[in-house]
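The values are calculated or read from the model by the stated rules, or taken from the named source; none is laboratory data. Since we're looking at a predicted model, the values are computed, not measured. Neighbour counts run over all protein chains shown; Cβ positions are idealised from the backbone, glycine included.
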Amino acid sequence: MELAPGAVHLPRYLTPDRQRSLVDECRALVDGPVPAYVPVVRGGGRMHVRMLCLGRHWNGRLYAYEPTRADHDGLPAPPLPPAFRALAGEIAGAAGMALDADLCILNYYDADGRMGLHQDKDESAGSIAAGLPVVSVSLGDRARFLFGGLKRRDPVESVLLESGDAFVFGGPARLRYHGVSCIVPGTAPLELQMTGRFNLTFRQY
Ligand SMILES: O=C(O)CCC(=O)C(=O)O
């Protein structure tokens, strides 16, 4: 389903089995030796997600990528698991695009989780200029995903992202504003035995 040129929603792309094993991996990562944390961004606001970056760390105070978590605990960003890289390439291909992901931002949203409208523009100038896509995978509770235009004030479309959905935006859609206005608590598939929502966004720096 193409929402706009370069923006493709793949509902229920992941089978329940694949969702389950991905949720297990996400759980182990966010509570692992380099745990997820709540970033404080430029201006001092706390984000409304727990975040863990793999492959490269996104520093929320600087809006820039770096190898270690200089804005938090100085620990190195854990590596991007090869299976994550493969999954991102597979999904980009299903959307008619190509991606050799080298980083992933893994976010956990609890019932109050949300993310304001923003552009993903901290990847390299070459990656953005080439329109290399961001591949997003949703697991757990449903989320109301907002997808706007290239300017903050452009009209915004609201899309319900469900567990197992993928959403890919690249090419002319790469710099579209997007965000998450709310989570719908209690809507995760029962077999995942989870509350809240994981979202993974794969990118190529
Ligand atoms: O959680 C989502 O669906 C979107 C996440 C997002 O916008 C981001 O990580 O930049």
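Structure above, values below:
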{"quantity": "Residue satisfying condition, being at pLDDT 95 or above and either among the aromatic types (Phe, Trp, Tyr) or out of contact with any Pro (no Cβ under 9 Å at 6 or more places or on another chain) (or both), within set Pro78, Pro33, Pro39, Pro67", "calculated": "Pro39"}
{"quantity": "Residues (among the small types (Gly, Ala, Ser), in contact (Cβ under 8 Å) with a residue 40 or more places away in the chain and not in a helix (DSSP H, G or I)) located in segment 118-135", "calculated": "Ser124, Gly131"}
{"quantity": "Qualifying residue in segment 43-50 (condition: among the small types (Gly, Ala, Ser), within 23 Å of Gly113 (Cα to Cα), surrounded by 17 or more Cβ atoms within 10 Å (Cβ to Cβ) and within 16 Å of the ligand (Cβ to nearest atom))", "calculated": "no"}
{"quantity": "Residue within segment 167-177 that is surrounded by 15 or more Cβ atoms within 10 Å (Cβ to Cβ), near the ligand (Cβ under 9 Å from one of its atoms) and basic (Lys, Arg) present", "calculated": "no"}
{"quantity": "Given (1) buried (at least 17 other Cβ atoms within 10 Å of the Cβ); (2) under 22 Å from Leu192 (Cα atoms); (3) not aromatic (Phe, Trp, Tyr), number of the condition Ala7 does not satisfy", "calculated": "(2)"}
{"quantity": "Ser138 being buried (at least 24 other Cβ atoms within 10 Å of the Cβ), polar (S, T, N, Q) and either touching a His at 6+ places or on another chain (Cβ under 7 Å) or not in a loop (DSSP other than H, G, I, E, B) (or both)", "calculated": "yes"}
{"quantity": "Verdict on Leu192 being closer than 21 Å to Ala36 by Cα and away from the ligand (no atom under 11 Å from the Cβ)", "calculated": "yes"}
{"quantity": "Wholly within segment 28-117, strands (runs of 3 or more DSSP E) carrying at least 3 residues that are within 22 Å of Leu132 (Cα to Cα) and in contact (Cβ under 8 Å) with a residue 24 or more places away in the chain", "calculated": "50-54, 103-109"}
